[in-house]
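A.B. asks: This structure is in C-alpha cells; I'll ask about it shortly.
The values are calculated or read from the model by the stated rules, or taken from the named source; none is laboratory data. In this text, all values refer to a predicted model and were calculated from it rather than measured experimentally. Here Cβ is always computed from backbone atoms with ideal geometry, including for glycine, and neighbour counts include all displayed protein chains. When the accessible area is computed, the model is the full protein with side chains, heavy atoms only, and any ligands, DNA or RNA have been set aside. Shrake-Rupley method; radii C 1.70, N 1.55, O 1.52, S 1.80 Å.
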Amino acid sequence: MKKICLLFLSLSLFSCSSDSESSNSSSSQLVKMEQKSYYDNGDLEETIVHEYANQKPTKMSFYDENNNLSGYTDFQYNANGVLNKIKDYSAPGNLIQESTISYDSQNRISSIIKIYTASPGNPEILRFTYNPDNTITSSYDPAGSDQTKIFELNSNGIIDKELVNGTVVTSVQYNNLKPLSKTSYSTTYTYSYNSTGSQPFPLQNVFGSYLPNSVLFNNSLDDGCDELTTELISEISTSGETQEFTYTLNSSGFPLTKTKKRNGTISDTYTYTYQ
C-alpha cells in the first residue's frame, strides 16, 4: 500500500463531472477524488479513491490494475476536529496498522505512534521537542533505533530547513506560504503556479492552526513543504526532470480534473466530485 503522504500530495488535484460543474459555488465541498496511476508504458498501475467530509479526508481505498480492492485507510478526528488516528486495513477488513497522533496544549503535534497488528510490542514512535531557539527536534524510534533531526522555522513560523547531524539536507525558499524553490540532498526543485484557480481548502484543515504540523506529520520538509498553499502548482522542474500539471476548473475556480506528466508522459490523472 502506498504511503499515507499520497493523501496530502493528492489534495492539490480536483475534478468532477460536467453536471456537477454547473451546480458548484463557492460553498461547494469536495466529497471524492479518484486518482489513477500509470506505468511508463501507459498501463494502469493502481486506482486510489479518496473520500472527504467537512473539508477533510475520511477514507482512502486502494484498487489494483484489475479494479480489485487491495486495502483501505480510515482517518479519524478528535473533538477539536484535528486528525488523531489513521488505521490501515487489508481488503477483507483486517487491521494492519494503527497510527495515533497526539497534540500539546498549543495544538502542536507532540508524538505519532504507529503499531503494527503483527508485532504490537514493537511500535514505531516519533516525538517532537519544541526548543526555545525557534527549532523543533524530531526523534524517531523505529523498534529501538533512534534517529534525530532538527527543523528550523523562518520568521513567518514556517519550517524552511531540515538538518541531520548538523547538516542542512533540505531547504525551501517561500513566498508567504508558497514554495518557490526547494533544495533537497543537492537536487534543486523550482515551482511554477497557475495564474487562476485554487484548491478548495488547505491541508492545514487536517491538523489545525499550527502551520508546521503538516511537515512534522511527514517528518520531512521535502514531502511537506507544499502543503500549506492553496495555489495550483503548474510545474516542478529539476535539471533532470519536469513534472507538469494541467487542470480544468469549475465556475468557483476549483479544479475539476488534473493530469500529471513526468517528462511529457502521463503518470497520474485525477477526477474530483463536489456537492
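A.B. asks: Tell me whether the range 128-143 contains one or more residues that are within 30 Å of Asp64 (Cα to Cα) and without any contact (Cβ under 8 Å) to a residue 40 or more places away in the chain.
C.D. replies: Scanning the range 128-143 turns up at least one residue that is within 30 Å of Asp64 (Cα to Cα) and without any contact (Cβ under 8 Å) to a residue 40 or more places away in the chain.
A.B. asks: Do you know which residues across the range 93-112 are touching a residue at least 60 places away in the same chain (Cβ under 8 Å) and part of a loop (DSSP other than H, G, I, E, B)?
C.D. replies: The answer is Gln106, Asn107, Arg108.
A.B. asks: Let me ask something additional. Filter the range 195-252 for residues that are in a loop (DSSP other than H, G, I, E, B), in contact with an Asp or Glu (Cβ under 6 Å, 6 or more places away or on another chain) and closer than 24 Å to Val169 by Cβ and give the result.
C.D. replies: Once the filter is applied, which keeps residues that are in a loop (DSSP other than H, G, I, E, B), in contact with an Asp or Glu (Cβ under 6 Å, 6 or more places away or on another chain) and closer than 24 Å to Val169 by Cβ, the range 195-252 yields only Leu203.
A.B. asks: Give me the pairs, please: first residue somewhere in the range 26-46 and free of Cβ contacts under 8 Å to residues at least 60 places away in the same chain, second residue anywhere and of a type in the set (S, T, N, Q) and in a strand (DSSP E or B), beta-carbon distance under 6 Å, and either six or more positions apart or on two chains.
C.D. replies: The qualifying pairs are Glu45/Ser37; Glu46/Ser37.
A.B. asks: Can you spot a residue in the range 220-231 that is farther than 30 Å from Ser111 by Cβ and touching a residue at least 12 places away in the same chain (Cβ under 8 Å)?
C.D. replies: So far as the range 220-231 goes, yes, one or more of its residues are farther than 30 Å from Ser111 by Cβ and touching a residue at least 12 places away in the same chain (Cβ under 8 Å).
A.B. asks: Does Ile125 fit the bill of being in contact with a strand residue (DSSP E or B) (Cβ under 7 Å, 6 or more places away or on another chain), over 20 Å from Thr183 (Cα atoms) and assigned to a strand (DSSP E or B)?
C.D. replies: It is true that Ile125 is in contact with a strand residue (DSSP E or B) (Cβ under 7 Å, 6 or more places away or on another chain), over 20 Å from Thr183 (Cα atoms) and assigned to a strand (DSSP E or B).
A.B. asks: List the pairs whose first member sits in the range 75-86 and is more than 15 Å from Lys59 (Cα to Cα) and open to solvent by 20 Å² or more (accessible area, probe 1.4 Å), whose second member is charged (D, E, K, R) and modelled with pLDDT of 95 or more, and whose Cβ atoms are under 9 Å apart, counting only residues at least 6 apart or on separate chains?
C.D. replies: Asn78/Lys85
A.B. asks: Moving on to the next point. For the range 182-194, what are the residues that are open to solvent by 30 Å² or more (accessible area, probe 1.4 Å), small (Gly, Ala, Ser) and assigned to a strand (DSSP E or B)?
C.D. replies: Scanning the range 182-194 gives a single hit, Ser192.
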